[in-house]
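A quick write-up on the structure given underneath.
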Amino acid sequence: MIDSKKEHWEKVFATKAENEVSWYQEKPETSIKFFRENNIAKNAKILEIGGGDSHLIDHLLEMGYEKLTLLDISGNALERIKKRLGEKAKKVNFVISDILDFQTDERFDVVHDRASFHFITQDEEKVAYKDLIADLLSPMGLFFVGTFSENGPLKCSGLEITQYSESKFENLFSEDFDKLNCFTQDHKTPFETIQNFIFCTFKKK
């Protein structure tokens, strides 16, 4: 399954332009707002999960963040963002991995995941993801996650996803995290369609 998943995403990032995928945002305002409102220190260690060739890393670099790790299952996605960043790419640690296979001794102050987690559909893998996030975060570290809401699509990029509500997030994460806030928001795709997301911020206990 892992191989077919990787093959899927390698093909997506090899064949589609960045504005030909539904999750494209020229400026990821919601994520940027999270960093500003929570006064994330410029020297904080930040892990971006499934960032693909998202423009968030570009903006975090512009905002002065120095310790950035971008993880994605697709090497093609990471090569695209490296090419776009040019010399700035040297300031980012790029990791090709499925998040569920990721192993490191490093601990992060912030873990950010917009539209990656909802591709995990098996209950045991959701728990494994939650346990991994808790392990990756420093004490009191922040986890910002965005997925399709219960009013959002049932699929993305041809793959099944899991829709979430605030209560579903709480049921999964409350053992290891305190919920700080949750909100829903519409995302307008490049195809002029609307996708409803839910975003939640959690603090590691």
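Where a number appears in this text, it was derived from the coordinates with a stated rule and is not lab data. Not measured: the values here are computed from a predicted model. Neighbour counts are summed over all protein chains in view; Cβ atoms, including those assigned to glycine, are modelled from backbone coordinates with ideal geometry.
Taking the chain as a whole, the Cys residues whose C-beta sits 4.7 Å or farther from every other Cys C-beta are 156. Quick one: longest stretch of the chain between exposed loop GluC sites (Glu not before Pro), exposed meaning at most 15 other C-beta atoms within 10 Å and loop per DSSP? By the stated rule (loop sites, at most 15 other Cβ atoms within 10 Å), 107-149. Using every pair of distinct Cα positions in region 1-103, the Kirkwood expression returns a hydrodynamic radius of 14.2 angstrom.
Averaging 1/r over each pair of different alpha-carbon atoms in the chain and inverting the result gives 17.1 Å, the Kirkwood hydrodynamic radius.
Structure remark: mean-square fluctuation, Gaussian network model of the chain, C-alpha springs under 10 Å; the largest value among 127, 92, 111 belongs to 127. In this simple spin-label approximation, residue 79 and residue 63 carry label points 7 Å from Cα along the Cα→Cβ vector, and these lie 3.0 nm apart. Using the rule -39500 (n - 2.57) for each DSSP H run of four or more residues, divided by the residues of the chain, the 222 nm mean residue ellipticity is -9000 deg cm²/dmol. Using the Cβ of residue 120 as centre and a radius below 12 Å, the other residues enclosed give a net charge of -3, where K and R count +1 and D and E count -1.
Once the convex hull of the C-alpha atoms of region 71-119 is built, how many Å³ does it hold per residue, rounded to a whole number? Could you put the intermediate results ahead of the total?
On the way: hull volume 4.9 nm³, N = 49.
Spread over its residues, the Cα hull of region 71-119 gives 99 Å³ apiece.
Residue separation of residue 126 and residue 160 scaled by 0.36 nm, minus their Cα-Cα distance, works out to 10.8 nm of gained length. By the count of neighbouring beta-carbon atoms within 10 Å, fewest first, 112, 187 end up ordered 187, 112. Counting neighbouring Cβ atoms within 10 Å and putting the fewest first, the residues 118, 59 line up as 59, 118.
This ranking places 117, 191 by how few other beta-carbon atoms lie within 10 Å of each, fewest first, which gives 191, 117. Here region 114-205 is treated as a Stokes sphere of Kirkwood radius computed over C-alpha pairs; at 20 °C and 1.002 mPa s its diffusion coefficient rounds to 158 µm²/s.
Count Lys and Arg as plus one, Asp and Glu as minus one, and take only other residues whose Cβ is under 14 Å from that of residue 153; the net charge is then -1.
Projecting the Cα atoms of 65, 201, 156 onto the charge dipole of region 63-205, computed from C-beta unit charges around the Cα centre, puts 65 farthest toward the positive end.
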